[in-house]
Amino acid sequence: MNPITALRPSATTVEQYLKEDLWRAGSILDDLARWRAETPDAPALLVSEAGRGTLQLNYAQYAEYVDRFAGALHALGVRSGQVVAMQLPNLWQVGPLVLACARLGAVAAPIMCAFRPRELERMLRRLDAVVCVTIDRWDNFEHAAALAEMAPRLPALRHRVVLGERPADGHGGDDGDHGELDFREYFEHTEHTTLPDPSVVDPDRVSLVLFTSGTSGEPKAVLHTLNTSYAWYSGVAAADGIGPDSRVYSPNAATHIVGLTMGLLMPLHRGACAVMTDRWEPEAVVPFLAEAHVSWIVVVPFFLSALIDAMERTSLRLPTVRIIRAGGTTVPQPLFRRVTETFGIPLDVGWGMTEGANIFTRSGEHPDLAGRTVGRCAPGHEIDLRADHPISDDRPGRLFARGPSLCLATWGRDDGRLTVLAEHNDGWYDTGDLAAPDGHGGVRLHGRAEDRIGDIMIPVSDVESALLDHPDVRDVALVGYPGSQGGELACAVVVPGERTPTLEGLRDWLGGLGMSEWCLPSRLELLPELSRNNTGKVQKNLLRERLQLRSAD
């Protein structure tokens, strides 16, 4: 029996969060039913797909597809507690498919297309997924063929469903175990009317599994409920005034926590319109966002910089945007200035993890702290900074979080270690981030603990932000490397601008800004680009390995 099916929060926890309106007895499916009844013709989803044009679904159509997809999964034998995996890019089918799983009481496991066969096979095996929906090919990779190759080694996997061209083997889906189905034919164009009683929908049982990227350790499955994900986005929606007139956009992967919860579930919760683009091509994205009248954007800093660059090249503007939220990692200081100059609004920020927790700034609150805080907790959340020394910006503490958006448990992809958060440290979760108080009830983020450099900690994010202001630096990451006399030193890994920077020039630049000697990099490495994962974060583990190899030579 799959161990995640028995996981539930305690009755005391459920009662507390329901009483405080942080969780609810209903679910996102009730939101969909509400808007289907009240505003059936209002746009729910607006999607730009390369080669297919623009697609718009209203709330009546969206709800119809959720029922249709749920019926198709039920006809394939999917029942409450079973896992349906989906490895898809940012296509319109992702949202209705996730909700279809919820309608059956099943568990949706969205998986980013960046994961390749070795990782995917381990994920499917760990979850005992009974159905896997995949794209035929994406970014020059044959996903459907890779899934077909591994299928005989996955005894729990009963059906492969391919979105794209018709399966090459011509199977219609009724050929028993490991059958391959055409998604559009079986899910979109075939009537499946049998659905279980709505009582199978349980907002406090595991309904969503997301995998971390594993850049700082073994990838793990993060086990969420409908209520923990609700607590992730509902506070931001209320604070930012998301409503039926809002157009919400995120370029983040729809199969990742931010793209799914903020980009798809949050607008659905508030009766707004979710805006999607299947590919991240900034110069094509800008005119589409302008035509879509996008009003709210959540984006990682790297994508936001690229968006502004594209706006400058095309001379196009997005006049309807009123809130931009950046997060996922520390935000470079120059980006705050660029957003204000380009959009005429302040840049709001936020912080959270796949595991949950939610800290964000409120637009217009403490403008003097812009760029120096990630804000305060969402309602009902708590943070704790821990260290064996007085905590300050020079010596930040480790950030712990507790609250209604934290997942029920994490599950090691390879070692199978199931860690129920409520059973450890009174529910406090070690985020692995370093932070210090901002003086106004919030925190200032100082990056990941594993990014710490030296015995006297270098403020990595501050140094990176300062270097990004240098005219010869297009992109930069500061990472540690072993010094010849022992200890650890800082290396600036730089993507050059029009001219090639020098180590001496970068050190002079930082020194001229008043930075202490021990903050300055003692080594410079030049690269044509920085390796980033699908969420836009620099893969510093790869850079550290590169530096260690170069040092060994």
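Some observations on this one:
- Selection within the stretch 142-174 - modelled with pLDDT under 95 and open to solvent by less than 50 Å² (accessible area, probe 1.4 Å): 164, 167, 170, 172, 173
- Subset of the stretch 349-398 (residues that are touching a helix residue (DSSP H, G or I) at 6+ places or on another chain (Cβ under 8 Å) and part of a strand (DSSP E or B)): 350, 352, 353, 356, 358, 360, 398
- Checking every residue in the stretch 61-71 against the condition of being part of a loop (DSSP other than H, G, I, E, B) and either open to solvent by less than 40 Å² (accessible area, probe 1.4 Å) or of a type in the set (Phe, Trp, Tyr) (or both) gives zero matches.
- When the residues of the stretch 400-423 are filtered to those that are more than 18 Å from residue 6 (Cβ to Cβ) and at pLDDT below 95, the one that is surrounded by the most Cβ atoms within 10 Å (Cβ to Cβ) is 413.
- Lone qualifier among 54, 13 - being in a helix (DSSP H, G or I) and either polar (S, T, N, Q) or over 30 Å from residue 290 (Cβ atoms) (or both): 13
- Listed here are the strands (runs of 3 or more DSSP E) enclosed by the stretch 472-530 that have at least 1 residues being open to solvent by 50 Å² or more (accessible area, probe 1.4 Å) and in contact with a Gly (Cβ under 7 Å, 6 or more places away or on another chain): 473-482, 488-496.
- Among the residues making up the stretch 408-424, those that are under 22 Å from residue 12 (Cβ atoms) and in contact with a Gly (Cβ under 9 Å, 6 or more places away or on another chain) are 418, 419, 421.
- Qualifying residue in the stretch 97-113 (condition: surrounded by fewer than 20 Cβ atoms within 10 Å (Cβ to Cβ) and either of a type in the set (D, E, K, R) or at positive phi (or both)): no
- Subset of the stretch 461-471 (residues that are buried (at least 16 other Cβ atoms within 10 Å of the Cβ) and at pLDDT 80 or above): 463, 464, 465, 466, 467, 468, 470
- Residues satisfying the stated conditions in the stretch 308-332, i.e. within 22 Å of the chain's Cα centre (by Cα) and in contact (Cβ under 8 Å) with a residue 40 or more places away in the chain: 323, 325, 327, 328, 329, 330, 331, 332
- Screening residue 93 on (1) more than 25 Å from residue 32 (Cβ to Cβ); (2) under 19 Å from the mean Cα position of the chain (by Cα); (3) of a type in the set (S, T, N, Q) shows it passes everything except condition (1).
- Residue 271 meets the stated requirement of being farther than 22 Å from residue 465 by Cβ and out of contact with any strand residue (DSSP E or B) (no Cβ under 7 Å at 6 or more places or on another chain).
- Selection within the stretch 82-96 - surrounded by 24 or more Cβ atoms within 10 Å (Cβ to Cβ), touching a Phe, Trp or Tyr at 6+ places or on another chain (Cβ under 8 Å) and farther than 13 Å from residue 69 by Cα: 87
- Residue match in the stretch 437-452 (condition: open to solvent by less than 20 Å² (accessible area, probe 1.4 Å), among the acidic types (Asp, Glu) and under 30 Å from residue 543 (Cα atoms)): no
- When residues in the stretch 28-49 are screened for being farther than 16 Å from residue 248 by Cα and of a type in the set (A, V, I, L, M, F, W, C), 6 of them pass.
- Residue match in the stretch 187-196 (condition: open to solvent by 10 Å² or more (accessible area, probe 1.4 Å), part of a loop (DSSP other than H, G, I, E, B), among the polar types (S, T, N, Q) and within 21 Å of residue 56 (Cβ to Cβ)): no
- Scanning the stretch 178-194 for residues that are modelled with pLDDT under 95 and touching a Leu at 6+ places or on another chain (Cβ under 8 Å) returns a single hit, 178.
- Residues located in the stretch 330-348, provided they are under 17 Å from residue 306 (Cα atoms), open to solvent by less than 20 Å² (accessible area, probe 1.4 Å) and not in a helix (DSSP H, G or I): 347
The values are calculated or read from the model by the stated rules, or taken from the named source; none is laboratory data. Everything numeric in this text was worked out from a predicted model, so none of it was measured. Counting neighbours? That spans all protein chains shown, and the Cβs are built from the backbone with ideal geometry, glycine included. For accessibility, only protein heavy atoms count, side chains too; no ligands or nucleic acids. Shrake-Rupley method; radii C 1.70, N 1.55, O 1.52, S 1.80 Å.
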